[in-house]
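Student: Mind looking over this structure? Questions follow.
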Amino acid sequence: YVNASVCSPSRCAFFTGQYPARHKIHGHYADHSLNAQRGMSNWLDPKVPNVASLLKSRGYATAHFGKWHLGSGPGAPNPTEYGFDEAKTMVSAVPAWKEPAATFWAKSTGLFVDEALRFIDANKNKPFYVNIWTLLPHATLNPTDEQMKPHERWGPKGVPHKGAETIFYASVGDLDTQIGRLLVELEKMGLADNTLVLFSSDNGPEDIHISNAGHSGVGSAGPFRGRKRSLYEGGIREPFIVRWPGHVTAGRIDNESVVAGVDFLPTVCKLAGVQPPADHALDGEDVGDILLGQSRPRKTPLMWEWRFHVFGEPFHRSPILAIREGDWKLLMNPDRSRVELYDIPRDPTQMNNLAEKNKDVVERLAAKVLAWQKTLPEGPIEPTAGRDDYPWPGQTKPAPRQPRAKAR
């Protein structure tokens, strides 16, 4: 799982080992006025312990290449202030590339990998840590004709328009090509056996109802209900691929253990022999044993909050809060206008709401997630957050339900 259903908060969780709402990162970072309207900070405080700063303290060479999205605009810290020896970034205080997005997006992953390989080669005789945070497959996608050619069969015939699947598959196809090139070069450098590579994403696929994805928003959430912004599985449950020859068994699939973005910092630090500060309260846990082959239940529950509108069909619009503990996942609005309980291993699509049949489980999990919500910074909740109603033909459009002005 990722710990938010959009980019900035999800990245914060990976980076700090903490739920992003602790840092008033509830949605994506935008301009400072929009951040203020949504009760958000303007950037992650660089004084907060993070993976890069902790590994650097242990002698690692550290670098970040690609998307940043943990704060930009007037006064925003440069990513190097977070513990990176080197950073070339986009969506940041000082973008490293000036080319218009319309042409840069398609070539960006290759450029980020080029920078990573250069840095790795320069530091191959010492421990290194590198973030490669790609722009793709985030909208707006605009792949080249060359990238689209292998995927033309997915497009319409007899019209000049490219198909949405052609555009999306071409973009993800180049991402796959560039990550493959990174792995091949690690082999050539003789570093593959001593380099842990972790690959994942920050949220579920974008919805085609979003304007900048109106030509390409057909990414698949597999069997799951929900897309980006939703707290259903499709919005927060991501592929997670680990490569470490000689340590992580190739081809092993673990469908039982539950791991999350907040586990990244404690796990990487433990593997690197770094102890996070005692006063840095971690929301994640060390799952190094799971990466190395053991399947086991999670020790701590996972919790989410989404205070904003969920775009797309009502079927994907989740309640405001969610908690996963054991096999159970509870989704609910704080006012209990919606309460949904799912047995995830047996109902991964979340079609069979078992709340009425398991009221004791509902109350136990509700008490935990509502208590957790009360610890979060106050902030506005959008009127449509947590709603899945639809204006059926012939019916009066329902008046907006007035939510509490503040989330606690």
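Student: Only one residue in Val130, Val172 is of a type in the set (Val, Ile, Thr), out of contact with any Leu (no Cβ under 6 Å at 6 or more places or on another chain) and not in a helix (DSSP H, G or I). Which one?
Tutor: Testing whether each residue is of a type in the set (Val, Ile, Thr), out of contact with any Leu (no Cβ under 6 Å at 6 or more places or on another chain) and not in a helix (DSSP H, G or I) leaves just Val130.
Student: Would you confirm, using the coordinates I've provided, whether Asp254 is crowded, with 18+ Cβ neighbours inside 10 Å and among the charged types (D, E, K, R)?
Tutor: Numbers: crowded, with 18+ Cβ neighbours inside 10 Å: no; among the charged types (D, E, K, R): yes.
For Asp254, the condition - crowded, with 18+ Cβ neighbours inside 10 Å and among the charged types (D, E, K, R) - is not met.
Student: Between a first residue in segment 152-176 that is at negative phi and a second residue that is β-branched (Val, Ile, Thr) and part of a helix (DSSP H, G or I), which pairs have beta carbons less than 8 Å apart while being 6 or more apart in sequence or on different chains?
Tutor: Between residues of segment 152-176 that are at negative phi and residues that are β-branched (Val, Ile, Thr) and part of a helix (DSSP H, G or I), the close pairs are Glu152/Thr166; Trp154/Thr166; Gly155/Thr166; Asp174/Thr109; Leu175/Thr109.
Student: Something else: Can you spot a residue in segment 152-163 that is under 30 Å from Lys56 (Cα atoms) and either assigned to a loop (DSSP other than H, G, I, E, B) or basic (Lys, Arg) (or both)? Full working, then the answer.
Tutor: Taking segment 152-163 first, the residues under 30 Å from Lys56 (Cα atoms) are none.
Checked segment 152-163: no residue is under 30 Å from Lys56 (Cα atoms) and either assigned to a loop (DSSP other than H, G, I, E, B) or basic (Lys, Arg) (or both).
Student: For segment 96-108, does any single residue satisfy the condition of being without any contact (Cβ under 8 Å) to a residue 24 or more places away in the chain and buried (at least 19 other Cβ atoms within 10 Å of the Cβ)?
Tutor: Scanning segment 96-108, I find no residue that is without any contact (Cβ under 8 Å) to a residue 24 or more places away in the chain and buried (at least 19 other Cβ atoms within 10 Å of the Cβ), so the answer is no.
Student: Could you tell me whether Thr89 is among the polar types (S, T, N, Q) and out of contact with any Gly (no Cβ under 9 Å at 6 or more places or on another chain)?
Tutor: So Thr89 fails the test.
Student: Of Arg58, Arg22, which residue is basic (Lys, Arg) and either within 21 Å of the chain's Cα centre (by Cα) or closer than 14 Å to Trp133 by Cβ (or both)? Don't jump to the end; show me each part of the working.
Tutor: Values: Arg58 fails: either within 21 Å of the chain's Cα centre (by Cα) or closer than 14 Å to Trp133 by Cβ (or both).
Selected residue: Arg22, the only one of Arg58, Arg22 that is basic (Lys, Arg) and either within 21 Å of the chain's Cα centre (by Cα) or closer than 14 Å to Trp133 by Cβ (or both).
Student: Does Gly17 satisfy the condition of being in contact with a Leu (Cβ under 6 Å, 6 or more places away or on another chain) and at positive phi? Can you show your working first?
Tutor: Numbers: in contact with a Leu (Cβ under 6 Å, 6 or more places away or on another chain): yes; at positive phi: yes.
Yes; evaluated as a whole, the condition is true for this residue.
Student: Further question: For Val48, only one of the following conditions fails: (1) closer than 22 Å to Glu378 by Cβ; (2) under 19 Å from the mean Cα position of the chain (by Cα); (3) not in a helix (DSSP H, G or I). What is its number?
Tutor: For Val48, the failing item is (2).
Student: Follow-up. Would segment 330-343 turn up any residue that is closer than 19 Å to Glu382 by Cα and among the hydroxyl-bearing types (Ser, Thr, Tyr)?
Tutor: yes
Student: In the list Val197, Val130, Val218, which residue meets the criterion of being at pLDDT 95 or above and closer than 30 Å to Pro319 by Cβ?
Tutor: Working: Val197 fails: closer than 30 Å to Pro319 by Cβ; Val130 fails: closer than 30 Å to Pro319 by Cβ.
Val218 is the lone residue from the list that is at pLDDT 95 or above and closer than 30 Å to Pro319 by Cβ.
Student: For segment 47-61, check the following and say yes or no: at least one residue is farther than 29 Å from Leu191 by Cβ, aliphatic (A, V, I, L, M) and at pLDDT 95 or above. If you could, list the steps in order and put the result at the bottom.
Tutor: Start the filter on segment 47-61 by keeping residues that are farther than 29 Å from Leu191 by Cβ, which leaves 47-48.
Narrowing the set further to residues that are aliphatic (A, V, I, L, M) leaves 48.
Those still in the list that are at pLDDT 95 or above too: 48.
Among the residues of segment 47-61, at least one is farther than 29 Å from Leu191 by Cβ, aliphatic (A, V, I, L, M) and at pLDDT 95 or above, which makes the answer yes.
Student: Are any residues in segment 200-226 within 20 Å of Cys12 (Cα to Cα) and either touching a helix residue (DSSP H, G or I) at 6+ places or on another chain (Cβ under 7 Å) or buried (at least 24 other Cβ atoms within 10 Å of the Cβ) (or both), and if so, which ones? Reasoning before the result, please.
Tutor: Within segment 200-226, the subset within 20 Å of Cys12 (Cα to Cα) is 200-206.
Listed by number, the residues that qualify are Asp202, Asn203, Gly204, Glu206.
Student: Continuing with the same structure: Go through Val339, Val310 for me and flag whichever is surrounded by 16 or more Cβ atoms within 10 Å (Cβ to Cβ) and under 21 Å from the mean Cα position of the chain (by Cα). Break it down stepwise before answering.
Tutor: Working: Val339 fails: under 21 Å from the mean Cα position of the chain (by Cα).
From the options Val339, Val310, the qualifying one is Val310.
Student: Right, here's the next one. I'm checking my understanding of the structure. Among residues of segment 57-76 that are under 20 Å from Ser33 (Cβ atoms) and either free of Cβ contacts under 8 Å to residues at least 60 places away in the same chain or out of contact with any Ser or Thr (no Cβ under 6 Å at 6 or more places or on another chain) (or both), which one is surrounded by the most Cβ atoms within 10 Å (Cβ to Cβ)?
Tutor: If we take residues in segment 57-76 being under 20 Å from Ser33 (Cβ atoms) and either free of Cβ contacts under 8 Å to residues at least 60 places away in the same chain or out of contact with any Ser or Thr (no Cβ under 6 Å at 6 or more places or on another chain) (or both), then Leu70 is surrounded by the most Cβ atoms within 10 Å (Cβ to Cβ).
Student: Just name the residue that is farthest from Asp286 (Cα to Cα) out of those in segment 29-48 that are in contact with a helix residue (DSSP H, G or I) (Cβ under 7 Å, 6 or more places away or on another chain) and surrounded by 21 or more Cβ atoms within 10 Å (Cβ to Cβ).
Tutor: In this case the residue turns out to be Tyr29.
The values are calculated or read from the model by the stated rules, or taken from the named source; none is laboratory data. All values reported here derive from a predicted model rather than from experimental measurement. Virtual Cβ from ideal backbone geometry, glycine too; neighbours counted across all protein chains shown.
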